[in-house]
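Okay, structure first, notes after.
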Amino acid sequence: MPTKTETFLQNCWYCAGWGTDVGLGSRDLVVRKIAGRSILLYRTPQGALVAMEDRCPHRSAPLSLGRKEGDAVRCMYHGMLFGPDGRCRQVPGMDKIPPGANVPTLAAVEKDGWIWVWLGDPATADPALICEAVGPADPDWVLKTNAIRIQTNYRQEIANLADLSHVSWVHGETFGGSDDWSLIRPRHKNLPRGIETRYTVRGVPAPNFAKHLFDPAARFDIDVHVTLTVPCNFIMSFRIKSAGDATSGESNGDLLLDTFTSQAVTPRDDGSIDYYFSWGTSKATWFPGIVELMHATNLDAFLEDKRILEGQRERQLQYPDAPQIDIVHDAGPGRMLWVLDKLLEQEASDHVAETVA
Amino acid sequence: MPTKTETFLQNCWYCAGWGTDVGLGSRDLVVRKIAGRSILLYRTPQGALVAMEDRCPHRSAPLSLGRKEGDAVRCMYHGMLFGPDGRCRQVPGMDKIPPGANVPTLAAVEKDGWIWVWLGDPATADPALICEAVGPADPDWVLKTNAIRIQTNYRQEIANLADLSHVSWVHGETFGGSDDWSLIRPRHKNLPRGIETRYTVRGVPAPNFAKHLFDPAARFDIDVHVTLTVPCNFIMSFRIKSAGDATSGESNGDLLLDTFTSQAVTPRDDGSIDYYFSWGTSKATWFPGIVELMHATNLDAFLEDKRILEGQRERQLQYPDAPQIDIVHDAGPGRMLWVLDKLLEQEASDHVAETVA
Amino acid sequence: MPTKTETFLQNCWYCAGWGTDVGLGSRDLVVRKIAGRSILLYRTPQGALVAMEDRCPHRSAPLSLGRKEGDAVRCMYHGMLFGPDGRCRQVPGMDKIPPGANVPTLAAVEKDGWIWVWLGDPATADPALICEAVGPADPDWVLKTNAIRIQTNYRQEIANLADLSHVSWVHGETFGGSDDWSLIRPRHKNLPRGIETRYTVRGVPAPNFAKHLFDPAARFDIDVHVTLTVPCNFIMSFRIKSAGDATSGESNGDLLLDTFTSQAVTPRDDGSIDYYFSWGTSKATWFPGIVELMHATNLDAFLEDKRILEGQRERQLQYPDAPQIDIVHDAGPGRMLWVLDKLLEQEASDHVAETVA
């Protein structure tokens, strides 16, 4: 195990799961591990989201083993009651609340079907920084959602998502079906908090999972547009068209299947991630059964990733000092990790400036 | 995981389980982990208890994988035979016993149904320091025994047992039934090796586990007397009376149920404890089925403790530097941990004095 | 856990299993952990063995999760293709192979039914250093093979195999049957890379596993000849004869059962070993059912060793600084560990010399 502990971006929104994961029931106290911290999530009777450290300030009992009381949560070790602002409202047996009896809270926002928490100072939380996705309730789309956990460092997941050349190899039985994904050159563009990438695939067979739906001889164009933002949110329009004759830019074939996937990856700690994702089609190109097929394929494919990422993690821990060589497909991962590291450096130097000031 | 390793009191009796755990059978070699050491327990054919390190001095094979031969134990790796004094009696293939071929032994005493071992120099072991309990064979009591293991540090178990305010919250479904336990002020008194605590609860509903036995409107007084001694032995008289009219001291109601519980907690290492306990009633207040009900309730309640203590342990390891705030109910835990730490300091300074002398 | 990491002999052949473990099938990519490294094994279509580090030099994905293509293996993360010499043949999407895109290979040899890999520089691998065994295909023998894993350090397994006195105690129910094994004096002789040991057992009852095959009153002689070489290869001729009257040297009784066992122990890392073994009889002394009986007994006996070795390992980790006393039976283990340590010192000083030169 590496001794170095990961430093995570603090001024950043991290996905804490699907909104439907946190209900209004009396037992709905949900705990998520995010960037090394355990975060309690619950809803007030009005449905508002509350996020706070899952740790009683008295003797560290998890509040998630507690009890919801209206908009508050009671620690069920010694009965201390905390409001949604994290301030202690009651210590049974005491008239006064001891100073400091507060639980750190986090800004929490529900958007596009996901719950987002801001790890840094809640006062600085800017909802405009939440990534733009298409939620499962969007009236123009038919999407199904899912989640998995992978034992890897989130930087490896970034490298996985910033370079789709691996579709040809890891996903040959699911999303892929030829080596085309490893031959094309994506077009990357840096964003303030991530990268934007376009892939144009021309005249290829249908993706393997959909092969049986088409004439075997048919060829297709695929236009892909990805936005990847920190920590690791992957938003992709993936359009399958009939083979066109355009020689540059997007394909001018007929749009056969207009798909959209929203994927948010949250580092739990140095060595594991939670992965929340959806996939589906626009209503315009939907047909019966297609989203169910995509949903099953998506899970199969992400379990393919899990296998390779967990094997990779094992070898990286086993050979911590082994050199790595770079290949052409590292351009996307390199850009995205550069953006992440710049933001981390900025936070570190802001922190020094604050400390000195 | 914290890097600091717990230092345990050496001049102290630790409970090694119930006497019935160690039988006279030829295979009855029992091993217990106590304060970081693995201790072998067995009985001679006359029934005398033997306690020694569970480690052959030759190449460290566990003697508990060995064979009983009369009052001796044979290591079943190379056949070395050790008497109950830990001295090697035979090395098969050698005429002479090599110097140093001894296993450290520990003083072991059976009292009130429990086995106790003294971690320090056996010559200094004073049976008068063993806590006073009521054993399951006591003719005046009807008691049932049990044991569980909890993944926590024993200091957290001390804090749990030195403050019964948690009964209202952790044990609301079992021992509790109202918030009264968190409103009363116990009366603590320091002892040379622990604390004595009295709780007086007045005019409360029946404890939840016994509610069905009484008129719902009935109110009760409860007089509690606890002796808690190092490392973490909790001896409690718990008397349920009809509501009386005394305004100070013990209740003057009629004694309805006179219960007694003996609980010994043994730290296995930094992060786990073995917990040996009994509970029951005096023969005078016994009625059919009551001890079976108390036995089942006791296990339920201790599993409630286990859940909260293991959650707490997890958060304490996760947030090793987080500040803790104190509340009024920490008085008992604070006193008991102060007594423990004083004894630990005394041992540390005695050790320095010996080393210098 | 001990912080010191084991240093393993590099200029040494380590057994990587039975030849039949690595087939010609398209999915036959086998990974073995050997001395801290993960080694991929496969066969070319011609059956030649290939051994290389199980780690892609790009981003450390395990090649054992890849795909066989002719005599090459493709990493199924980004499609890089490696020949049996470890050199990268193709990076899909690139015209040129980046410098350094090689996987370290190891010399691999199949001999006597086993696969052997040389951890050091393949150019220095000398097949003459592979131990002499009798393979399961030998026409003069009837042998059955097996394998187990034990959680111990290989030095403890060396100590186990270099001293058969433990047969009396650990294997009383299987190979043993009396305390004779702990009373005799074996004759050891140092070899350049191990030791040779002879045991002569005279006038003993039949080994326990074979007792039912003989008259209970019958007595036997057993002549044993062991060669033990680094890292921990144990080759033994074990001959059961009728009791003779020779007073020195080998027994002059009639040869009743001429058995041979080949055992190769490979350290996986500091705390676990893989153990590949066979046992059986010469065709001349074979009779129906005997090898099946020996096969079952051998596994039983090695599980007896596993239990004691894993218990020993646990105590050694728990008491890292406890002194150990020596007994007469440590002569063999002491010699063999001395030979191993001399070779390790030699490698360390050669390494310093190379570094300085």
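Return the ratio Rg/(2.2 N^0.38 Å) for the protein assembly as shown, where Rg is computed over Cα atoms only.
Compactness ratio reported: 1.13.
Relative contact order (percent) for region C:237-332, with alpha-carbon contacts under 8 angstrom and 6 or more residues of separation?
Relative contact order here is 16 percent.
Return the calculated 222 nm mean residue ellipticity for chain A, to the nearest 500 deg cm²/dmol, obtained by summing -39500 (n - 2.57) across DSSP H runs with n ≥ 4 and dividing by the residue count.
It comes out at -6500 deg cm²/dmol, rounded to the nearest 500.
Between B:Y319 and B:E173, 0.36 nm times their residue separation minus their Cα-Cα distance comes to what?
Value of the extension gain: 49.6 nm.
Taking every residue in C:169-176, how many Cβ atoms of other protein chains lie within 10 Å of its Cβ, on average?
3
With r defined as the distance between the Cβ atoms of C:A128 and B:W338 and R0 fixed at 51 Å, what FRET efficiency is calculated, to the nearest 0.05?
That pair, C:A128 with B:W338, gives E of 0.10.
With every atom except the alpha carbons ignored, what do you get for Rg and Dmax of chain A, in angstroms?
For chain A, the Cα-based Rg and Dmax read 22.6, 80 Å.
Could you please state, rounded to a whole Å, how far the C-alpha centre of region C:248-325 is from the C-alpha centre of region C:111-176?
9
With unit charges on the beta carbons (Lys and Arg positive, Asp and Glu negative) and the dipole taken about the Cα centre of region B:123-272, which residue among B:C232, B:Q151, B:G177 sits farthest to the positive side?
B:Q151
Return the unpartnered cysteines for chain C, using a Cβ-Cβ cut-off of under 4.7 Å.
Among the cysteines of chain C, those whose Cβ sits 4.7 Å or more from every other are C:C12, C:C15, C:C88, C:C131, C:C232.
Projecting each Cα onto the charge dipole of the protein assembly as shown (Lys/Arg +1, Asp/Glu -1 at the beta carbon, about the Cα centre), which of C:L164, C:V328, A:P98 comes out farthest on the positive side?
With unit charges placed on the Cβ atoms, the residue in question is C:L164.
Just tell me how shielded C:77-86 is by partners: mean number of partner chain Cβ atoms within 10 Å of each residue's Cβ, no decimals.
4
I'd like to compare B:192-199, B:245-252, C:128-135, B:53-60: which one has the highest average count of other Cβ atoms within 10 Å, and what's the full order after that?
Highest mean packing first, the order is B:53-60, B:192-199, C:128-135, B:245-252.
So, in nm, how far is label B:L183 from label B:A246 when the simple model puts each one 7 Å beyond its Cα toward the Cβ?
2.1
Put simply, what bits of region A:31-57 lose 50 Å² or more of accessible area when the other protein chains are there, versus the chain on its own (1.4 Å probe)?
Residues of region A:31-57 that lose at least 50 Å² of accessible area once the other chains are added: A:R55.
Evaluate E = 1/(1 + (r/R0)^6) for A:Q46 and A:V356, where r is the Cβ-Cβ distance and R0 equals 35 Å; express this FRET efficiency to the nearest 0.05.
Efficiency for this residue pair is about 0.25.
Holding the Cα-Cα limit at 29 Å, pick out from C:K144/C:K211; C:K241/C:K342; C:K111/C:K189; A:K189/A:K306; A:K241/C:K68 the pairs that are longer than that.
Beyond 29 Å between Cα atoms: C:K241/C:K342; A:K241/C:K68.
Based only on the alpha carbon positions, what is the Kirkwood hydrodynamic radius of region B:203-357, in angstrom?
Result for region B:203-357, one decimal place: 18.9 Å.
Based on the Cβ-Cβ distance from B:R198 to A:D85, what FRET efficiency comes out when R0 is 45 Å, to the nearest 0.05?
0.70
Determine, for each peptide in A:256-263, A:183-190, the mean count of other beta carbons within 10 angstrom over its residues, then list the peptides with the highest first.
Those peptides, ordered most packed to least, come out A:256-263, A:183-190.
Could you work out the equivalent-ellipsoid semi-axes for region B:13-129, taking the square root of 5 times each eigenvalue of the Cα gyration tensor, largest first, in whole Å?
For region B:13-129, the semi-axes come out at 24, 15, 12 Å.
The values are calculated or read from the model by the stated rules, or taken from the named source; none is laboratory data. Just so it is clear, the model here is predicted, and its values are computed rather than measured. Positions of Cβ are generated from backbone atoms using ideal geometry, with glycine treated the same way; all protein chains shown enter the neighbour counts. The area values use the complete protein model at the heavy-atom level, side chains included, leaving out ligands, DNA and RNA. Shrake-Rupley method; radii C 1.70, N 1.55, O 1.52, S 1.80 Å.
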